[in-house]
């Protein structure tokens, strides 16, 4: 199936990271020299809120979710990072203590650089500083859009949006997503996800079996999603336009 819209229209091959690709050649080379390859394993926590961040991560494939936690409530997903971005963008703003947990929700590969090395590069790399600052702004927009979405839109629309966001960041139509994981990400009960997924399945937009969701109709999911998804795509395009 050829995708009709979304991040896939602007993303490079799955083995590349768009932020690194956008850097001037010398700055990209220096960043790569100081980075090391890492596996992004499903469920791994890469950073924890209120604990100084030791590394920044640039996904090449796979996905990282940013979640907010509470002592009296399950974690809530507020943003998603794939090869269009990075985990640790606040380091470009001289903020080393994250306010959100970073957890891998799609296995893949990435590059990791220590926070100290990244800070050193930022001091004399204007292209890197500009690129990461712009990305931090776009990521902030995603956080705000998610807050709006969670407050005003139905679970079915929100589920369609997260499935589209996941689909944009993987080369497969088959997504490894359990109902419980989606419930945690959406901040709802598992039964609510089961009902919403059932509606999407009856519309023949997705298929679900044993912890895997298959995208059957990309365009149908876009119609089922709220306007928040389209706004995020617009922001993504603006990120690489300047």
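For the reader, a short list of remarks on this structure follows.
- Condition met for residue 237 (in contact (Cβ under 8 Å) with a residue 24 or more places away in the chain, assigned to a helix (DSSP H, G or I) and either on the phi > 0 side of the Ramachandran plot or over 20 Å from the mean Cα position of the chain (by Cα) (or both)): no
Residues checked against (1) under 24 Å from residue 62 (Cβ atoms); (2) more than 20 Å from the chain's Cα centre (by Cα); (3) modelled with pLDDT of 90 or more:
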position: 148; (1), (2), (3): no, no, no
position: 157; (1), (2), (3): no, no, yes
position: 180; (1), (2), (3): yes, no, no
position: 202; (1), (2), (3): no, yes, yes
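- Scanning segment 1-43 for residues that are at pLDDT below 50 and in a loop (DSSP other than H, G, I, E, B) returns 1, 2, 3, 4, 5, 10, 11, 12, 13, 14.
- Where residue 214 falls short, out of the listed (1) in contact with a strand residue (DSSP E or B) (Cβ under 8 Å, 6 or more places away or on another chain); (2) in a helix (DSSP H, G or I): (2)
- Pairs where the first residue, in segment 141-164, is surrounded by fewer than 16 Cβ atoms within 10 Å (Cβ to Cβ) and the second is in a helix (DSSP H, G or I), C-beta under 9 Å, 6+ apart: 148/228; 154/196
- Residue match in segment 96-115 (condition: modelled with pLDDT under 95, closer than 24 Å to residue 30 by Cα and over 19 Å from the mean Cα position of the chain (by Cα)): yes
- Here is the figure for segment 121-136: residues that are over 13 Å from residue 87 (Cα atoms) and either touching a strand residue (DSSP E or B) at 6+ places or on another chain (Cβ under 6 Å) or surrounded by 14 or more Cβ atoms within 10 Å (Cβ to Cβ) (or both) total 9.
- Unmet requirement for residue 120, which otherwise passes all of (1) under 19 Å from residue 74 (Cα atoms); (2) out of contact with any helix residue (DSSP H, G or I) (no Cβ under 8 Å at 6 or more places or on another chain): (1)
- Of the residues making up segment 183-194, one or more are touching a residue at least 40 places away in the same chain (Cβ under 8 Å), part of a loop (DSSP other than H, G, I, E, B), in contact with a strand residue (DSSP E or B) (Cβ under 8 Å, 6 or more places away or on another chain) and outside the structural domain of residue 78 (by TED's automatic domain parsing).
- Looking at segment 50-113, the strands (runs of 3 or more DSSP E) lying wholly inside it that each contain 2 or more residues that are in contact with a strand residue (DSSP E or B) (Cβ under 8 Å, 6 or more places away or on another chain), in the same structural domain as residue 40 (by TED's automatic domain parsing) and surrounded by fewer than 21 Cβ atoms within 10 Å (Cβ to Cβ) sit at 63-70, 73-81.
- Subset of segment 195-207 (residues that are surrounded by 17 or more Cβ atoms within 10 Å (Cβ to Cβ) and part of a strand (DSSP E or B)): 206
- Against the test of being more than 26 Å from residue 161 (Cα to Cα) and in contact (Cβ under 8 Å) with a residue 40 or more places away in the chain, the options 55, 105, 71 yield a single qualifying residue, 55.
The values are calculated or read from the model by the stated rules, or taken from the named source; none is laboratory data. A quick note: this is a predicted structure, and the numbers were derived from the prediction, not measured. With ideal geometry, Cβ positions are generated from the backbone for all residues, glycine too; neighbour counts draw on all protein chains shown.
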